[in-house]
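Take a look at the structure below.
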């Protein structure tokens with residue numbers, strides 16, 4: 001499975017509006033256009049949360065319009081800047097929305113929702129953790145196990161930035177305990193941090209954890225950008241196969257800011 005991960009577009013109801021000095025809608029549109037122009041279309045597009053900064057119907061309608069002609073399946077996560085009910089109402093027929101399990105090309109993607117109403121930090125909750133535990137137990141008898149990728153918005157480990165770590169995922173112990181036993185696990189990917197970040201899953205050094213840049217703007221970075229472009233809109237290209245570790249490529253795009261209001 002070849003997967004394109006984008007994250008944190010922070011769309012607004014006003015398509016010409018600005019957030020952090022930048023217009024979110026033209027940025028995301030330009031990224032999608034450049035991906036298609038490259039001829040490298042993924043098997044799946046994942047947008048890992050903070051889809052709509054003002055949590056508005058208009059913001060999700062803009063995303064629905066952008067994705068109307070997208071040629072491959074789409075998966076969406078809820079971030080802290082999202083409204084789950086409006087997201088499902090606007091895009092439930094176009095995309096797979098967390099929490100969910102998606103199987104494609106003999107690979108498995110688990111989408112977790114770390115959205116917690118009214119809070120910036122992330123939270124999975126007992127019900128979702130129980131559901132994930134049930135899925136992992138059910139897969140444990142499959143031999144060989146299908147390659148598995150876990151995706152959520154908030155980082156489940158500290159990335160080394162005090163301001164970001166303070167608003168990461170809360171009570172991570174139960175999740176990390178489940179992932180320690182997950183068969184076929186190849187990697188964990190997340191958004192929220194607006195920067196490329198790479199680490200390993202505690203207790204499983206062969207399993208990478210990857211933070212995805214934002215299509216809007218960069219934070220940090222904690223780790224140097226391998227491309228030397230930490231402020232540019234970015235994403236991750238991920239390749240999940242049965243016989244190899246997770247492969248990933250950092251992507252950056254040059255997108256001029258529109259000059260006219």
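If the condition is being over 30 Å from residue 244 (Cα atoms) and in a helix (DSSP H, G or I), then the range 1-32 contributes 24, 25, 26, 27, 28, 29, 30.
Residues in the range 158-179 that are more than 26 Å from residue 131 (Cβ to Cβ), free of Cβ contacts under 8 Å to residues at least 60 places away in the same chain and either in a loop (DSSP other than H, G, I, E, B) or over 18 Å from the mean Cα position of the chain (by Cα) (or both): 162, 163, 166.
Of these, 221, 202, which one is surrounded by fewer than 21 Cβ atoms within 10 Å (Cβ to Cβ), more than 17 Å from residue 30 (Cα to Cα), out of contact with any strand residue (DSSP E or B) (no Cβ under 8 Å at 6 or more places or on another chain) and touching a residue at least 24 places away in the same chain (Cβ under 8 Å)? Before you say what the answer is, go through the steps one by one.
On the way: 221 fails: out of contact with any strand residue (DSSP E or B) (no Cβ under 8 Å at 6 or more places or on another chain).
Result of the check over 221, 202: 202.
Taking into account only those residues within the range 120-146 that are farther than 22 Å from residue 197 by Cα and touching a residue at least 60 places away in the same chain (Cβ under 8 Å), which is surrounded by the fewest Cβ atoms within 10 Å (Cβ to Cβ)? Ranking the qualifying residues of the range 120-146, first place goes to 144. Only residues that are assigned to a loop (DSSP other than H, G, I, E, B) and in contact with a strand residue (DSSP E or B) (Cβ under 8 Å, 6 or more places away or on another chain) were counted in the range 113-130, giving 7.
One residue stands out in the range 63-81 among those that are without any contact (Cβ under 8 Å) to a residue 60 or more places away in the chain and touching a strand residue (DSSP E or B) at 6+ places or on another chain (Cβ under 8 Å): the one that is surrounded by the fewest Cβ atoms within 10 Å (Cβ to Cβ), namely 72. Assess whether residue 231 counts as being assigned to a loop (DSSP other than H, G, I, E, B) and within 16 Å of residue 109 (Cβ to Cβ). No; evaluated as a whole, the condition is false for this residue. Scanning the range 41-62 for residues that are on the phi < 0 side of the Ramachandran plot and either touching a residue at least 60 places away in the same chain (Cβ under 8 Å) or surrounded by 23 or more Cβ atoms within 10 Å (Cβ to Cβ) (or both) yields 42, 43, 44, 46, 47, 48, 51, 52, 59, 60, 62. When the range 131-154 is filtered for residues that are within 22 Å of the chain's Cα centre (by Cα) and either outside any loop (DSSP other than H, G, I, E, B) or closer than 20 Å to residue 168 by Cα (or both), the ones remaining, listed by number, are 131, 132, 133, 135, 136, 148, 149, 150, 151, 152, 153, 154. Remark: residue 207 matches the filter, which requires a residue to be assigned to a strand (DSSP E or B) and in contact (Cβ under 8 Å) with a residue 12 or more places away in the chain.
What about residue 188, is it assigned to a strand (DSSP E or B), within 29 Å of residue 32 (Cβ to Cβ), free of Cβ contacts under 8 Å to residues at least 40 places away in the same chain and within 16 Å of the chain's Cα centre (by Cα)?
It is true that residue 188 is assigned to a strand (DSSP E or B), within 29 Å of residue 32 (Cβ to Cβ), free of Cβ contacts under 8 Å to residues at least 40 places away in the same chain and within 16 Å of the chain's Cα centre (by Cα).
Within the range 44-78, the set of residues being out of contact with any helix residue (DSSP H, G or I) (no Cβ under 8 Å at 6 or more places or on another chain) and farther than 20 Å from residue 101 by Cβ comprises 50, 54, 58, 59, 65, 68, 69.
Values in this text are rule-based calculations from the coordinates and carry no lab data. This is a predicted model, so every value here is computed, not measured. All Cβ positions, glycine included, derive from the backbone under ideal geometry; neighbour counts span all protein chains shown.
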